[in-house]
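Reviewing the structure listed below.
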Amino acid sequence: MRVGVITFPGTLDDVDAQRAVKYADGEAVPLWHGDHDLKGVDAVVVPGGFSYGDYLRCGAIARFAPVMQEVIEAANKGMPVLGICNGFQILAEAHLLPGALVRNHKLHFVCRDQWLSVENNTTAWTSRYDLEAEILVPLKSGEGGYQADEDTLKELEDNNRVVFRYVGENPNGSRNNIAGITNAKGNVVGLMPHPEHAIDALTGPTDDGLGMFLSLLDTVVKA
Amino acid sequence: MIDTVKNAESTPDQEQPYKELGLKDDEYARIKEILGRRPTDAELAMYSVMWSEHCSYKSSKVHLKYFGETTTDGMRSKMLAGIGENAGVVDIGDGWAVTFKVESHNHPSYVEPYQGAATGVGGIVRDILAMGARPLAVMDPLRFGKPDAEDTKRVLPGIVAGVGGYGNCLGLPNIGGEVVFDESYQGNPLVNALCVGAMRVEDLHLAHASGTGNKVILYGARTGLDGIGGVSVLASETFDDSVGKRKKLPSVQVGDPFTEKVLIECSLELFEKGIVVGIQDLGGAGLSCATSELASAGDGGMHVWLERVPLRATGMTPAEILSSESQERMCAVVEPANVEAFMEVCQKWDVIATEIGEVTDGDRLVITFNDEVVVDVPPRTVAHEGPVYNRAIQRPADQDELQANTPDSLPRPENVLALIKTMAASPNLASKKWVTQQYDRYVRGGTVLAQPSDSGMIRIDEETHRGVALSTDCNGRYTKLDPYEGARLALAEAYRNVAATGATPVAVTNCLNFGSPEDPAVMWQFEQAVKGLADGCAELGIPVTGGNVSFYNQTGSTAILPTPVVGVLGVIDDVRRRIPTGIGAEAGETLLLLGETREEFGGSEWAHHVHGHLGGLPPKADLQREKLLGQILVAGSRDGMVSAAHDLAEGGLAQALVETCLIGETGARVFLSGDLFTELFSESAGRVLVAVPRTEEQRFTDMCTARALPWRKVGVVDPESNALEIQGLGELPLDELREAWEGTLPALFD
């Protein structure tokens, strides 16, 4: 399994995403924002950070990076793509996923260990989890509030496209406690919390996040 | 008109605003003597900023020498670089070198909390980068005035957001620090920033400009009018009203962490390619500092073409360009053959890089601006041979009175159980989650321990699991009561915190925050604290590898509590055997108290919070005992005998119990004898609460007994219980304690 991990100027969690891929026995392939090809990878992770300093709006500049044009094309053809935190924001800006991420309702950056419930275990990235399993992974973001219009929310809810929901107190004001969503095909997933920081209980709160990368392994092997 | 050297020679009597720039009459006279003429505007700007207290250490130098004098060769054996470099460097084994340093950014943070704190983080990170290391984590010891004061509500949220905003965006985990409240910091909060980085031993870079013909390259952000401070006096003279009013920019610098993140990655790629001869970050005093320090530390001179510096404002004078403190800039010395490769790396990262100068074979730093010489100085006189003052020292007249006013007569509490909760909710002891939750502690995946653990711990090597632990500590009240002992206590606590996580302490850094050096009483505190810290380090056998002095921390004539923040670095050969702070990790744990409890309440949190009292003497620090305690803890961790450990400090055993239960989400039953108030709230040093699995209890206590470390069994962990029970007093439900401990800061600042 070869998984591309994109680095934009200002990307921070690329090393963590690469490590998570390795923990799932995959090969992490670094992709640079200026690249015009995906180096034959099987899947792509768009990691967290502050791409281009979050200038203009989180993810607004990154979506125009050359490598993202390749990602958009591949995603539309069914390649598994995972956007974490800033990566989720970028996928939303690129219209691979609906809705937008806005400033946390309490206005502070929030870093905490967050319980999530798995709401959909049929995507390319969540098949290893039991439905409604509760997992504990770090959440760390200042603009993590998921927002969408009523029609979009209904579309997401009716079609089982909410992948993760926050359990307990809503940490950032997200609509319907949404922490992560998928596209209609289930190959593109975006979430604000950080599964790549929860692959080893030594450095994370748990290893609950590893399931996402192992799920991908199953998806790639089956394909 | 630009003030050139030629112009200065022909107008020897022109009046210059040296006083407004902070220079004394005799300092100005000395500059004239060095140059054999009056300085140009640009030279005056350079000397004034480089001879400032902040850059020249003119009041502290004579005392700081004592650190070197008390450091033995044995202590130095693991030191690869020490005081005088951008940051100290320590060999931690497996071919790794670790560099760490704390710096203050107190005054800017009071004026502009967000940017002051943010650029404080940015500056210390560049110091670490300039050693050739990858910055790995930050910590921030912070001190504020009364928690409910209006100004604290202005300053604290801004400073916390600034520390978080910059560090989070740089991708550096924040793994610890302190938040302390005391009235003395009301008009003068303390923002100290620590950064730790690592590199392979062979990659160490020192700041010097050797090799005639080598190129000096400025790279990173453009140079602007921000952070110019005092030099605007020169600017306002140059630009009179007829030219049009010049918009003054804030003298607090404005940070851009995105630029710094790119600068870090770009610099690391340059280091990796081996094309950098010397490197220096641009911090306080900007180009003045970078060029004079690089030239001064090298073996030749330097020529700088100032008009080549990329600017972000028009019409900047040479003096302004030299003193601008625009952030996110670095200066490198590169061999001519490597300049092209250097520029290629910078282009990849979209970093602006400009060849601004060249190393010459003379011994002068010559700076020209459009072919006219505006600076021609011996660089050592700017960077390293500034004024040195032997300030007057006087033990304060009221020191005896202060020490005589002991806490002995303070009324003891009637309800000791209720006091446990009251103290847990007091601002200084309350959970700092409201603050640390705004900092990313996970990025880069190396964080093994972070707040509220006793020390922060990061993994350095993913193969061998080697890592380092860091703690910063200081109790200003102890230091006020006895500066010598207070500094030793700060050292003892930081040392103990590192050992409590299973790491072996190896090196010390410091950030000495004091009032005005012109006040003999403050200088006495400073001298005593330096001696206490240096003597303490010698006793523990670990060296001070670097530090920072911040004077003039006072409101009016009232100085802050003397606050020598001490940072201790420890090494752990396998982070998987770290000791956590919370109990409940193993089934069936016994609680042991290591060390001795005496009735010591001078400067205690109880006296402060309950009675608003400060007097008497601080607890006694026994550093031989601390050393033994450290060895026992490290041995306990190595042999898997200790499942949790928590240092006893402010708030005593009571607070340690509350925290270890709440962090571990597990109850405990505690049995104590003697005076329960003293047992629970005394702040005797040299004590650690440990949890040992029952199966290891005998082995562990035998080891303590054999090595003559006093220990006592004080309780058992009770996984079935959701309360902290103190036999003879009653029990406190954990959810009630949590509400008390975690509720205080949100109630104050949300």
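The values are calculated or read from the model by the stated rules, or taken from the named source; none is laboratory data. Quick caveat: nothing in here was measured; it's all calculated off a predicted structure. FYI the Cβ positions are ideal-geometry reconstructions off the backbone, even for glycines, and counts take in every protein chain you see. Calculation scope for accessible area: heavy atoms of the full protein, side chains included, ligands and nucleic acids excluded. Shrake-Rupley method; radii C 1.70, N 1.55, O 1.52, S 1.80 Å.
Relative to the current alpha-carbon distance between B:Gln624 and B:Thr314, full extension at 0.36 nm per residue lengthens the span by 105.5 nm. Classify the stretch B:557-617 from the C-alpha gyration tensor, please: rounded if a/c falls under 1.5, else prolate or oblate depending on whether a/b exceeds b/c. In terms of gyration-tensor shape, oblate. Farthest toward the positive end of the dipole of the stretch A:2-222, out of A:His197, A:Ala43, A:Ala74, is the Cα of A:Ala74, where the dipole comes from beta carbon charges about the Cα centre.
What do you get for trypsin sites (Lys or Arg not before Pro) in the stretch A:1-67 restricted to DSSP loop and a cutoff of at most 15 other Cβ within 10 Å of the site's Cβ? Listed in order of number, the matching sites are A:Lys39, A:Arg57. Residues of the stretch A:94-122 losing 20 Å² or more of accessible area relative to the isolated chain, 1.4 Å probe, heavy atoms only? Buried-area filter returns A:His108, A:Phe109, A:Cys111, A:Arg112, A:Asp113.
State the three equivalent ellipsoid semi-axes of the stretch B:458-525, derived from the C-alpha gyration tensor as the square roots of 5 times its eigenvalues, in descending order and whole Å.
For the stretch B:458-525, the ellipsoid semi-axes come out as 32, 13, 7 Å.
Please check the stretch A:50-73 for residues whose accessible area, probe 1.4 Å, is lower by 20 Å² or more when all protein chains are in place than in their chain alone. Relative to the lone chain, where solvent access is computed with a 1.4 Å probe, the stretch A:50-73 loses at least 20 Å² at A:Phe50, A:Gly53, A:Tyr55. Direction-averaged projected area, Cα convex hull, the stretch B:1-136: 12.2 nm², rounded to one decimal.
In plain terms, if you count all Cα to Cα distances in chain A and split them into 10 Å steps from zero, the share in each step is 9, 39, 40, 12, 0 percent.
Within the straight-line cut-off of under 17 Å between alpha carbons, the lysines reachable from B:Lys65 are B:Lys531, sequence neighbours fewer than 8 places apart in one chain being disregarded.
List the GluC sites (Glu not before Pro) within the stretch A:42-133 that DSSP assigns to loop and that have no more than 12 neighbouring Cβ atoms inside 10 Å. Sparse-neighbourhood loop GluC sites (Glu not before Pro): A:Glu132.
Please get the size of the charge dipole for the protein assembly as shown, origin at its Cα centre, with Cβ charges of +1 on Lys and Arg and -1 on Asp and Glu, quoted in debye to the nearest 20. If you can, show how the numbers build up before the last one.
Numbers: 83 positive and 136 negative charges, 58 e Å.
That gives a dipole near 280 debye.
A simple spin-label model places the labels of B:Glu665 and B:Asp299 6.2 nm from each other, with each point 7 Å out along Cα-to-Cβ. Pairing chains B and A buries close to 2400 square angstrom of accessible surface in total, based on protein heavy atoms and a 1.4 angstrom probe. Is the stretch B:524-569 rounded, prolate or oblate when judged by the Cα gyration tensor, a ≥ b ≥ c being the square roots of its eigenvalues, rounded requiring a/c under 1.5 and prolate requiring a/b larger than b/c? Since a/c reaches 1.5 and a/b is larger than b/c, the shape of the stretch B:524-569 is classed as prolate. Between the residues B:Ser516, B:Gln115, B:Gly595, the greatest Cα displacement towards the positive end of the dipole of the protein assembly as shown, with unit charges on the Cβ of Lys, Arg, Asp and Glu, is found for B:Gly595. Counted residue by residue at 0.36 nm each, then reduced by the alpha carbon distance between them, the extension gain from B:Asn415 to B:Lys32 reaches 130.9 nm.
Averaged over residues, the count of other Cβ atoms within 10 Å places the peptides B:397-404, B:355-362 in the sequence B:355-362, B:397-404, highest first. Protection proxy ranking of B:726-735, B:475-484, by the mean of other Cβ atoms within 10 Å over each peptide's residues and highest first, is B:475-484, B:726-735. Size descriptor for the stretch B:608-750, Kirkwood hydrodynamic radius: 16.7 Å (Cα pairs only, one decimal). Accessible surface calculations at 1.4 Å, restricted to protein heavy atoms, place the stretch B:362-441 at 48 Å² per residue. Is the protein assembly as shown best put as rounded, prolate or oblate by its Cα gyration tensor, with a ≥ b ≥ c the root eigenvalues, rounded for a/c under 1.5, and otherwise prolate when a/b is larger than b/c, oblate when not? It comes out oblate by the Cα gyration axes.
Distance between the 7 Å Cα→Cβ label points at B:Lys273 and B:Glu202: 2.0 nm. Of all aspartates and glutamates in the structure, those lying under 15 Å Cα to Cα from B:Lys19, and not within fewer than 8 positions of it along the same chain, are B:Glu27, B:Asp41, B:Glu43, B:Glu53, B:Glu237. In the stretch A:13-32, burial by the other protein chains removes 10 Å² or more of accessible area from A:Val15, A:Asp16, A:Arg19, A:Tyr23, A:Trp32, compared with the chain on its own (1.4 Å probe, ligands and nucleic acids ignored).
Say R0 is 56 Å: what FRET efficiency, to the nearest 0.05, do B:Thr464 and B:Asp13 get from their beta-carbon distance?
Details: r = 67 Å, r/R0 = 1.20.
E(calc), rounded to 0.05, equals 0.25.
Measuring nothing but how far apart in sequence close Cα pairs (under 8 Å, 6+ apart) lie, relative to its length, the stretch A:2-222 scores a relative contact order of 20 percent. With the cut-off at under 13 Å, measuring from each backbone N in the stretch B:552-577 to a point 7 Å along the Cα-to-Cβ line of B:Asp94 picks out B:571-577. As a length-normalised measure over Cα pairs under 8 Å and 6 or more apart, the relative contact order of the stretch A:175-223 settles at 20 percent. Taking every protein chain into account, the accessible area of the stretch B:134-221 amounts to 24 square angstrom per residue (probe 1.4 Å).
Using just its DSSP H runs of length 4 or more, each adding -39500 (n - 2.57), chain B gives a mean residue ellipticity at 222 nm of -11000 deg cm²/dmol after division by all residues.
Once the 1.4 Å probe is applied to the protein heavy atoms, the stretch A:2-222 comes out at 36 Å² accessible per residue.
Counting only protein heavy atoms, what percent of the accessible surface of the stretch B:542-698 is carbon or sulfur at a 1.4 Å probe? Carbon-and-sulfur percentage of accessible area, whole number: 45.
Once C-alpha pairs closer than 8 Å and six or more residues apart are averaged by separation and normalised to the residue number of the stretch B:615-704, the relative contact order reads 44 percent. Build a GNM of chain A with springs between Cα atoms under 10 Å apart, and of A:Thr152, A:Thr182, A:Thr123 the one that fluctuates most is A:Thr152. Approximating the spin labels as points 7 Å out from Cα along Cα→Cβ, the B:Asp361-to-B:Arg154 distance works out to 5.9 nm. Ligands, DNA and RNA left out, the 1.4 Å accessible surface of the stretch B:370-508 is 44% carbon and sulfur atoms. Beyond 21 Å in Cα-Cα separation lie the following of the pairs A:Lys106/A:Lys154; B:Lys146/B:Lys432; A:Lys140/A:Lys222; B:Lys58/B:Lys620: A:Lys106/A:Lys154; A:Lys140/A:Lys222; B:Lys58/B:Lys620.
Among the protein heavy atoms of the stretch A:2-222, carbon and sulfur supply 50% of the accessible surface, probe 1.4 Å, non-protein parts ignored.
A Gaussian network model of chain A, with springs between Cα atoms under 10 Å, assigns the largest mean-square fluctuation among A:Thr11, A:Thr203, A:Thr126 to A:Thr203.
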